[in-house]
Amino acid sequence: MLGHGGAGKTTLCEAILHAAKVTTRRGSVDDGTSTLDFTDIEKDRKHSVEPAIATFDHDGKTVNLIDAPGYPDFVGGAMGTMDGADAGMVVISATAGIEVNTRKLLKAAQQISMPVGIVINKIDGENIDLDRLLNDITESFGAACKPINLPDSSRESVIDCFKNDSGDAGVGDVGAAHTQLVENIIEADEELMEAYLGGEEIPQAKLSSAFANAMVEGTVIPVMFTAAKSDVGVADVMDAIANYFPSPADVNAPQVSSAEADGEQTALSADADKPLVAQAFKIATDPFVGKLAWVRILQGTCMPDTVYHLRDDRKTAKVGHLFKIEGKDTHEIKQAVAGDIIALAKVEDMQRGDVLHADAAPMFRAITACPHPMYSLAVTPKSRGDEQKISGSLSKLAEEDPTFVATRDAQTSETVISGIGDLHLRIMLTKMKDRFDLEVDTKPPKIPYKETVSAKAEGHHRHKKQTGGAGQFGEVYLRIEPLERGTGFEFVNDLYGESIPRQFLPAIEKGIVDVLAHGAIAGYPMQDVRVSVYDGKHHPVDSKEVAFKAAGKHAFIDAIQKAKPVLLEPLVDMEITVPASFMGDIASDLSGRRGRIMGQDMLPGNMCVIKAQAPLSEVMQYNSQLRSVTGGQGSYSMELSHYEPVPGNVQAQIVAAARAAREEEKEAHK
């Protein structure tokens, strides 16, 4: 169940579970009794944060229902569980219309060739134009979108326009909808198409059996209408899922590979009698059981207390108990067959995407890629001694959420957490506090600037120290010059004769490398510079490694000051997707952030993609700005492009801030 937050996915699922007699009392998101929004965070916020699973039976079919979160910050929970499903049901609120995550998730489903249907919910809302919404859906998602039912004039029930070719609908025309739906169904079946074009009347039974294939081929995206809170159209949604939506046997056969990349492909079959092949598509945590792997059985039968292969033929995993998931509850089962979704406990080595299989041959299967986390915060523990505990807890949270990443930045020495947005990270930190009793302070992460030089220069330093006994002496002359961007560091021996004995060259290089690591103008690592040592002096008694290390370090700093040092900043490539009406606002905003527009593309549904380059420092918190400009209708992605020199005025500000920070640090240590 996919769609934007607030569309009513969970409410529809609760209505289905109650109608199917899975629950004796209809759960409610608003009063905290929902079967699927069961965590304390979800009860407090009154919307889904995590995906949840339930199962119901209808018309002799068993249906696994995955209720995915809908707000953009939790898109990882939706896209990360798509591999567990055969089809997607995109829920659209009749009062809100097509929202940003509706587009994003429907597109993501289609990119992995997942058949989809659409439910227009809340048809009993006030001041809604269902005719216009239907037109918007067709314009945005294509001519395959055809109503399978239509609301009657009272909007208190719906008319089946697949089985009926006439009726009194309050929206659209039942006869026209029936004809268009039939034509789209037979488009995916050559035999039925020929019969239809030949004037034959296609029996309802044949159309029904062809429906799933039409969804798989993408010629039909069935559109249904509901008012889930008052049960309008709920039974019809259940009928459609059970009788028309594709089963595991109808969808394109999943494939496994003999290697992680470019291996030989083998097609699987939804056959319970074949050797087991299953895939973990979600890692979760149960407060009582511990780590759980949500596993989709792709082929064969899974039995408890059995050893299977994991990933390749060298690793094995013993499966203990098999669990069926019902919201927050788990029920032990005796076996699971192709098409089932189960949970496995005590499988510490299993990660999202891992394949569990009976045959000894290595098996791998690609899993749906999730958006790259864009919003980052640096975290520090509120309590001393919690550093190691924080690292472990962040790793466990990252294991559960494919859009949450925790890293230790070697350059800035910060622990940085990254997610989809501010709300996403706040929820993750709330989980850390609730589950691990850990609290942190947060701040924007440091920008990983780098330093380099832009001109040739020479440097010199004499290190001389006398303390009563043996002294220290070393003198170094060197030249520096810039290298091509990304080249790194080059150390050259240009000495003639024995002005500096060769055994002291490594010490000189160590002194230079110290400066490279900590910078000379603002405390950032230096790169892309060649250093040539060409002269110096030594003392037969007082010259030591420590003296030449100091001489090399300060000679290098001396040369840097003369070589027009510059700061380099990371630039990122951005792709920003917004309604076309916001294109000018976004371009203007990026210009004010020192960004460059590289191109624009129009998309269906009056959307556009703006391609741009901008300094990371200007767009580190772009998520909140984009949301503000577009009213939540925009999305973006970015990745590191390259480093470029910082403008002079910006460099002066950064250097001044670094100097002030060093002074504060000195004062703090006094």
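Scanning for something under 30 Å from D262 (Cβ atoms), in a strand (DSSP E or B) and of a type outside the set (V, I, T), does the range 318-341 turn up at least one residue?
Within the range 318-341, none of the residues are under 30 Å from D262 (Cβ atoms), in a strand (DSSP E or B) and of a type outside the set (V, I, T).
Evaluate the following for T285: is it of a type in the set (S, T, N, Q) and closer than 24 Å to S395 by Cβ?
yes
Considering the range 411-450 alone, what residues qualify as being without any contact (Cβ under 8 Å) to a residue 12 or more places away in the chain and not in a helix (DSSP H, G or I)?
Residues satisfying the conditions are S413, D437.
Restricting the search to the range 574-605, which residues are touching a residue at least 60 places away in the same chain (Cβ under 8 Å) and either over 23 Å from T102 (Cβ atoms) or not in a strand (DSSP E or B) (or both)?
Selection gives P604, G605.
Taking the conditions exactly as written (in a loop (DSSP other than H, G, I, E, B) and either within 39 Å of the chain's Cα centre (by Cα) or under 30 Å from G6 (Cβ atoms) (or both)), does G172 satisfy them or not?
Against the criterion (in a loop (DSSP other than H, G, I, E, B) and either within 39 Å of the chain's Cα centre (by Cα) or under 30 Å from G6 (Cβ atoms) (or both)), G172 qualifies.
Can you pull out the residues in the range 105-132 that are among the hydrophobic types (A, V, I, L, M, F, W, C) and assigned to a strand (DSSP E or B)?
Those that are among the hydrophobic types (A, V, I, L, M, F, W, C) and assigned to a strand (DSSP E or B): V116, I118, V119, I120.
Have a look at E260, E190, E201 and point out the one that is in contact (Cβ under 8 Å) with a residue 12 or more places away in the chain and surrounded by fewer than 17 Cβ atoms within 10 Å (Cβ to Cβ).
Sole residue among the options that is in contact (Cβ under 8 Å) with a residue 12 or more places away in the chain and surrounded by fewer than 17 Cβ atoms within 10 Å (Cβ to Cβ): E260.
Restricted to the range 99-143, and to residues that are among the basic types (K, R) and surrounded by 20 or more Cβ atoms within 10 Å (Cβ to Cβ), which residue is nearest to G8 (Cα to Cα)?
Here the answer is K122.
Are any of the residues in the range 385-393 modelled with pLDDT under 90, surrounded by fewer than 20 Cβ atoms within 10 Å (Cβ to Cβ) and part of a loop (DSSP other than H, G, I, E, B)?
yes
Kindly establish whether T138 is at pLDDT 95 or above, hydroxyl-bearing (S, T, Y), touching a strand residue (DSSP E or B) at 6+ places or on another chain (Cβ under 6 Å) and on the phi < 0 side of the Ramachandran plot.
Considered against the rule, which asks whether it is at pLDDT 95 or above, hydroxyl-bearing (S, T, Y), touching a strand residue (DSSP E or B) at 6+ places or on another chain (Cβ under 6 Å) and on the phi < 0 side of the Ramachandran plot, T138 comes out as no.
Kindly indicate which of T487, T415, T430 is in the same structural domain as A517 (by TED's automatic domain parsing) and of a type outside the set (K, R).
Just one listed residue meets the conditions, T487.
Tell me which residues, restricted to the range 158-188, are over 14 Å from M224 (Cβ atoms) and among the charged types (D, E, K, R).
The answer is D165, D168, D173, E183, E187.
To keep it simple, each residue is scored yes or no on (1) under 28 Å from P645 (Cα atoms); (2) surrounded by fewer than 17 Cβ atoms within 10 Å (Cβ to Cβ); (3) within 25 Å of the chain's Cα centre (by Cα).
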{"residue": "V529", "(1), (2), (3)": "yes, no, no"}
{"residue": "E545", "(1), (2), (3)": "no, yes, no"}
{"residue": "A551", "(1), (2), (3)": "no, no, no"}
{"residue": "F556", "(1), (2), (3)": "yes, no, no"}
{"residue": "Q561", "(1), (2), (3)": "yes, yes, no"}
{"residue": "L568", "(1), (2), (3)": "yes, no, no"}
{"residue": "L571", "(1), (2), (3)": "yes, no, yes"}
{"residue": "I576", "(1), (2), (3)": "yes, no, yes"}
{"residue": "F582", "(1), (2), (3)": "no, no, yes"}
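In the range 342-381, which residues are closer than 19 Å to K396 by Cα, touching a helix residue (DSSP H, G or I) at 6+ places or on another chain (Cβ under 9 Å) and part of a loop (DSSP other than H, G, I, E, B)?
Q351, R352, G353, C370, P373
Determine which member of the set K146, K229 is buried (at least 22 other Cβ atoms within 10 Å of the Cβ), touching a residue at least 12 places away in the same chain (Cβ under 8 Å) and assigned by TED's automatic domain parsing to the domain that holds D30.
Sole residue among the options that is buried (at least 22 other Cβ atoms within 10 Å of the Cβ), touching a residue at least 12 places away in the same chain (Cβ under 8 Å) and assigned by TED's automatic domain parsing to the domain that holds D30: K146.
Tell me whether the range 469-484 contains one or more residues that are closer than 22 Å to K562 by Cβ, in contact with a Ser or Thr (Cβ under 6 Å, 6 or more places away or on another chain) and surrounded by fewer than 16 Cβ atoms within 10 Å (Cβ to Cβ).
Within the range 469-484, none of the residues are closer than 22 Å to K562 by Cβ, in contact with a Ser or Thr (Cβ under 6 Å, 6 or more places away or on another chain) and surrounded by fewer than 16 Cβ atoms within 10 Å (Cβ to Cβ).
Being over 16 Å from A235 (Cβ atoms) and crowded, with 24+ Cβ neighbours inside 10 Å is the filter here, so list the residues in the range 9-33 that pass it.
If the condition is that a residue be over 16 Å from A235 (Cβ atoms) and crowded, with 24+ Cβ neighbours inside 10 Å, then K9, T10 are the ones that fit.
Here is a yes/no grid of residues against (1) touching a strand residue (DSSP E or B) at 6+ places or on another chain (Cβ under 7 Å); (2) in contact (Cβ under 8 Å) with a residue 60 or more places away in the chain; (3) assigned to a helix (DSSP H, G or I); (4) crowded, with 18+ Cβ neighbours inside 10 Å:
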site: F211; (1), (2), (3), (4): no, no, yes, yes
site: V216; (1), (2), (3), (4): no, yes, yes, yes
site: T219; (1), (2), (3), (4): no, yes, no, yes
site: V223; (1), (2), (3), (4): yes, yes, no, yes
site: V237; (1), (2), (3), (4): yes, yes, yes, yes
site: A240; (1), (2), (3), (4): yes, yes, yes, yes
site: P248; (1), (2), (3), (4): no, yes, no, yes
site: V251; (1), (2), (3), (4): no, yes, no, yes
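Given the criterion out of contact with any helix residue (DSSP H, G or I) (no Cβ under 9 Å at 6 or more places or on another chain) and within 24 Å of V182 (Cα to Cα), identify the matching residue among D168, D129, D160, D136.
Every option except D136 fails the conditions.
Evaluate the following for E50: is it free of Cβ contacts under 8 Å to residues at least 24 places away in the same chain and within 22 Å of the chain's Cα centre (by Cα)?
Taking the combined requirement at face value, the residue does not satisfy it.
Looking at G327, G320 in this structure, which one is at pLDDT 90 or above and on the phi > 0 side of the Ramachandran plot?
Testing whether each residue is at pLDDT 90 or above and on the phi > 0 side of the Ramachandran plot leaves just G327.
Out of the range 1-47, which residues are of a type in the set (A, V, I, L, M, F, W, C) and more than 22 Å from the chain's Cα centre (by Cα)?
L12, C13, A15, I16, L17, A19, A20, V22, V29, L36, F38
Restricting the search to the range 83-104, which residues are assigned to a strand (DSSP E or B) and of a type in the set (S, T, N, Q)?
S93 - this is the single residue of the range 83-104 that is assigned to a strand (DSSP E or B) and of a type in the set (S, T, N, Q).
Got at least one residue in the range 639-650 being part of a helix (DSSP H, G or I), without any contact (Cβ under 8 Å) to a residue 60 or more places away in the chain and closer than 26 Å to K104 by Cβ?
Within the range 639-650, none of the residues are part of a helix (DSSP H, G or I), without any contact (Cβ under 8 Å) to a residue 60 or more places away in the chain and closer than 26 Å to K104 by Cβ.
Does any residue of the range 166-173 turn out to be of a type in the set (A, V, I, L, M, F, W, C), at pLDDT below 90 and touching an Asp or Glu at 6+ places or on another chain (Cβ under 8 Å)?
Within the range 166-173, one or more residues are of a type in the set (A, V, I, L, M, F, W, C), at pLDDT below 90 and touching an Asp or Glu at 6+ places or on another chain (Cβ under 8 Å).
State the number of residues belonging to the range 284-299 that are at pLDDT below 90 and farther than 15 Å from V347 by Cβ.
Total meeting the criteria: 2.
Filter the range 300-318 for residues that are among the aliphatic types (A, V, I, L, M) and within 16 Å of E348 (Cα to Cα); which is surrounded by the most Cβ atoms within 10 Å (Cβ to Cβ)?
Checking each candidate, the answer is L310.
Do you know which residues across the range 565-577 are β-branched (V, I, T) and out of contact with any Leu (no Cβ under 8 Å at 6 or more places or on another chain)?
Within the range 565-577, V566 is the sole residue that qualifies.
Got a number for residues in the range 596-625 being surrounded by fewer than 17 Cβ atoms within 10 Å (Cβ to Cβ) and hydroxyl-bearing (S, T, Y)?
1
The values are calculated or read from the model by the stated rules, or taken from the named source; none is laboratory data. A quick note: this is a predicted structure, and the numbers were derived from the prediction, not measured. Please note: Cβ atoms are built from the backbone with ideal geometry, for glycine as well, and neighbour counts cover all protein chains shown.
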